[in-house]
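Worksheet: one structure, shown below.
The values are calculated or read from the model by the stated rules, or taken from the named source; none is laboratory data. Bear in mind that the values here come from a model prediction, so they are computed numbers and not experimental data. FYI the Cβ positions are ideal-geometry reconstructions off the backbone, even for glycines, and counts take in every protein chain you see.
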Amino acid sequence: MKPETSALNPSKPTILVVEDNADQWFLIRWTLLQQFPELEAVWIDEESRVMPYLNASVVNRNELPVLILLDLYLPSAAMGYSVLKAIKNHPVYQHLPTIVLSQSADPDDINESFNCATNSYIVKPIRYQDWLEAFSLLRTYWKGSGTLH
């Protein structure tokens, strides 16, 4: 399956998933369908396509994603940090809640992600049930923050 460059259902708010691994994308997408049915998941698999997608979202639909899930290793952490910094240093996009997803539980990766202004850091679970629980907590938090209506 080719990465999505726009939402399939433009009437729904979007959640942007930046993930270079198609298998991980399918797992994340299925979990999002269960935990965030009111959002349309959009997949980008290359760091170089993130900012053009956000720019097009503003121009074409005047609607940015309500959440961004960013794999840290795209395939390197340097690429993930670069995307995170680009989002968080942009005057229009810096307010977008951006959550780092990573298989790394390394404290250096976690600390550097927060130094780059991530809103949260989630270590990717191994079992599907743990994915559901993690995204349920994510939903509860962001619903309570007023980000999700």
The range 91-117 residues that are in contact (Cβ under 8 Å) with a residue 60 or more places away in the chain, paired with ones that are of a type in the set (A, V, I, L, M, F, W, C) (beta carbon under 7 Å, 6 or more apart) = Leu101/Leu69; Leu101/Leu70; Leu101/Ile122
note = Subset of the range 1-46, residues among the polar types (S, T, N, Q), modelled with pLDDT under 95 and not in a helix (DSSP H, G or I), comes to Thr5, Ser6, Asn9, Ser11, Thr14
remark   = Restricting the range 47-56 to residues that are out of contact with any helix residue (DSSP H, G or I) (no Cβ under 7 Å at 6 or more places or on another chain) and of a type in the set (A, V, I, L, M, F, W, C), the one modelled with the highest pLDDT turns out to be Leu54
inquiry  = With the requirement that a residue be more than 16 Å from Arg127 (Cα to Cα) and surrounded by 20 or more Cβ atoms within 10 Å (Cβ to Cβ), what does the range 20-39 give you?
reply    = Phe36, Leu39
